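Visitor: Here you go, one structure.
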Amino acid sequence: MAPSTANIQEHLRNDLDIARNVIVQASCHGRDNTALLHALDYFGETARGVVAIGSDVSQSELADMHHRGVRGVRFNFVKRLVENQSLEEVELVAAKIRELGWHIVVYFESPDLPDLADFLANLDVPLIIDHLGRPDDAVLLNYLTQIAPDESDMQRQLVDNPMALYWGK
């Protein structure tokens, strides 16, 4: 990339050594995917997108989004952020995107998983659980006491490798 032709986004991606990226529709934008689609148009083949859509989306809209790089749909079940998400609508969207090979991203809080588990397991599309299912950090710390019962061991684990709480390193 020649410095004279690169814009700030290209410099930033280069400095961070980012070759590809996935842009996920933020809850605050609702189903207005305009900014996301604009970003996909800008980044071209180096980016993919995850949109928020309803069951009223047309096949031509899906085809257009697919052409622009969309490969997934995000559904938000976090009650403090959105109104009640219809499971029927999720099923209808899953049926529409299945033939495109898209996936579904679900965002929920961990206490809601037991109520959603069977439904999600039967969608018959690839599934991603956003934000790791928002686990309760206090519960994770309780698990830590099982592997590091001594306070100094626990402190060392937290200070030396805090990501192990989530990633199991």
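Only the coordinates and a few stated rules stand behind these numbers; no lab work does. None of the values given here were measured: they were computed from a predicted structure. Virtual Cβ from ideal backbone geometry, glycine too; neighbours counted across all protein chains shown.
Visitor: What is the spin-label model distance, in nm, from residue 21 to residue 58 if the labels are put 7 Å beyond Cα along the C-beta direction?
Guide: In this crude spin-label approximation the distance works out to 3.1 nm.
Visitor: What does the charge add up to near residue 91, with Lys and Arg as +1, Asp and Glu as -1, over the other residues with Cβ less than 11 Å from its Cβ?
Guide: Net of charged neighbours comes to -1.
Visitor: Add +1 for every Lys or Arg and -1 for every Asp or Glu among the other residues with Cβ under 11 Å from the Cβ of residue 47, and state the total.
Guide: After counting each charged neighbour, the total is +3.
Visitor: Can you pull the one-decimal nm distance between simple spin-label points at residue 10 and residue 31, each 7 Å off the Cα toward Cβ?
Guide: Result: 3.7 nm between the two label points.
Visitor: Which of the trypsin sites (Lys or Arg not before Pro) found in region 33-105 are loop residues per DSSP with 10 or fewer other Cβ atoms within 10 Å of their Cβ?
Guide: Sparse-neighbourhood loop trypsin sites (Lys or Arg not before Pro): 80.
Visitor: Label-point separation (nm) for residue 66 and residue 152, each offset 7 Å from Cα along Cα-to-Cβ?
Guide: 6.1 nm
Visitor: Something else: Amide H to amide H, which residues 5 or more places from residue 77 or on other chains are under 5 Å from it, using H placed in the peptide plane?
Guide: Result for residue 77 returns 107, 108.
Visitor: Next question. When the chain is fully extended, how far beyond the present Cα-Cα distance does residue 46 get from residue 115, taking 0.36 nm per residue of separation? It would help to have the intermediate numbers written out before the result.
Guide: On the way: separation 69, 0.36 × 69 = 24.84 nm, distance 3.68 nm.
Difference between extended and current length: 21.2 nm.
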